[in-house]
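Reading through the structure tokens given below for one structure.
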Amino acid sequence: MSGVVAAAGVVAVAPAARLRGRLRVPGDKSITHRALLLAGLAAGRSRIADASDALDPNSTAACLRALGVTIERLTDDDGFAAWTVASPGVEGWRAPAGSLDCGNSGTTLRLLAGILAGTPLATILDGDDSLRRRPVARIIEPLRAMGATLHARADDTLPPLSVTGRRPLRPIDHATPVPSAQVKSAVLLAGLAAVGTTTVRESVATRDHTERMLRARGVAVTSEVDGPGGPVVVSVEGGQTVRPIDERIPGDISAAAFWLVAGAAHPDAQLVLERVGVNPTRRRVLDLLRAMGADIVERPLVSDGGEPVGDLEVRSSELRAIEMGPADVAAAIDEVPVLCLAAACARGTTRIRGAGELRHKESDRLAGIAEGLAGLGARIDISGDDFVIEGGAGRPFFGLHAGEARSHDDHRLAMTFAIAGLLAGGPATFDGGASVAVSYPGFFRDLERARA
Ligand code: S3P
């Protein structure tokens, strides 16, 4: 039987007898967004190599083009993009002809809103049906406090979001109500247009790419971290100039996570993932899987940006249950769906506490992952904001069997169900297979390579 059968968006992924090979996962999506946006802020030419060529970063590029930034994209055969960005600098941006289409991308919408708050332009940020259901009050409130004018649908809670900025902005000291790198980044980027020091306080540390990448471009950003994982206080002084640089993007650990779970859970697996970003604020998924007993060897490589990278090798392992708390959820926010699958293959009962924020992602991932994995045989329940997952270790195929799941057009749900299909006793069938292109256009190609 062929591994993947796609018909009318429905995909069936059959079990794999073995998993082998070396995979190069796409360039990191979060870092690619920021590389494009910061290149747009900087006057001059920036080059971005090994970037993500997925739909989300292409939405960021399209918005920047509409604002007057020249972006050329060269793509090599393997789906990686090399971008060249020539910008007049943010002060030379022009008002777009229509609304800015952020597609499916929350990062595009929230980070760009932060930048636009510090320009005199009047813009409207919009996106697809999924994006129109994602919360924006969390950025409206601090950006208004800085002096920008923002309005949104449904009593200022949902996109489309209109932003009329002003320069200079007022600096603020903002404690984020939910740990969110997008909110932190939006406020810091607005802070560049403020007179004085803008500070963001997080109760739990989130990904720090914006801070690292601003520093790499000549902007002083201070971070005070209180122990690993947070709390964190980050500050930036307004009026600093963002310089254009050339940068190479590391592989996306959130994409690698699917193969780490597949390789660790499958009884006959050995996979190498090349040049994956292992930034301390992104690597929690790796450390959680190791705590579950996953045999993952990390070979550090020389990085050529401010981001640590390494090759990761994963082999078949006996997984065991662990407890995950809200700080783990914040640090591995995009990997929780596939971590639920790892837990379903482990020995014992895993609890993932404080996962409510998953309701506000590309779909309601709390409900979607529980319903989808249950349809494939996993014993997974939701209790309030927590997952309770009784692992299937010891049962044939971990108790996973042929079945159907609904992806809700959410890329990370679709990929999780595909990996479940590799591990199960029969095919996993799910809709919305095309959604993987949001973050990982070559996912099904890599899946076929891994099972060869
Ligand atoms: C992202 C931050 C996270 C994450 C998203 C990318 C980023 O969102 O889920 O996929 O690039 O800053 P939140 O910061 O809203 O949790």
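Counting only protein heavy atoms and a 1.4 Å probe, the chain has 35 square angstrom of accessible area per residue.
Computed over the alpha-carbon pairs of the stretch 1-154, the distance histogram in 5 Å steps reads 2, 9, 16, 17, 18, 13, 9, 7, 5, 3, 2, 0, 0 percent, short to long. The long axis of helix 365-375 is offset from the longest Cα principal axis of the chain by roughly 20 degrees. Ranked by the mean number of other Cβ atoms within 10 Å of their residues, highest first, the peptides 126-136, 336-346, 262-272 come out as 336-346, 262-272, 126-136.
Surface composition of the chain: carbon plus sulfur atoms hold 51% of the accessible area, using a 1.4 angstrom probe and ignoring ligands, DNA and RNA.
For S99, the accessible surface of its heavy atoms amounts to roughly 70 Å² (probe 1.4 Å, protein chains only, rounded to the nearest 10). Principal-axis analysis of the Cα atoms of the chain puts helix 106-116 at an angle of about 10° to the longest axis.
Here each label is just a point 7 Å from Cα along the line to Cβ, and for V302 and D287 those points are 2.8 nm apart. Note: relative contact order over the chain, using C-alpha pairs below 8 Å and six or more positions apart, is 17 percent. If you sort R110, R290 by accessible surface, 1.4 Å probe, largest first, the order is R290, R110. The heavy atoms of E404 offer some 140 square angstrom of accessible surface to a 1.4 angstrom probe.
The values are calculated or read from the model by the stated rules, or taken from the named source; none is laboratory data. Keep in mind that this is a model prediction, so the values were computed, not measured. As a convention, Cβ positions derive from the backbone with ideal geometry for all residues, glycine included, and neighbour counts pool all protein chains shown. For accessibility, only protein heavy atoms count, side chains too; no ligands or nucleic acids. Shrake-Rupley method; radii C 1.70, N 1.55, O 1.52, S 1.80 Å.
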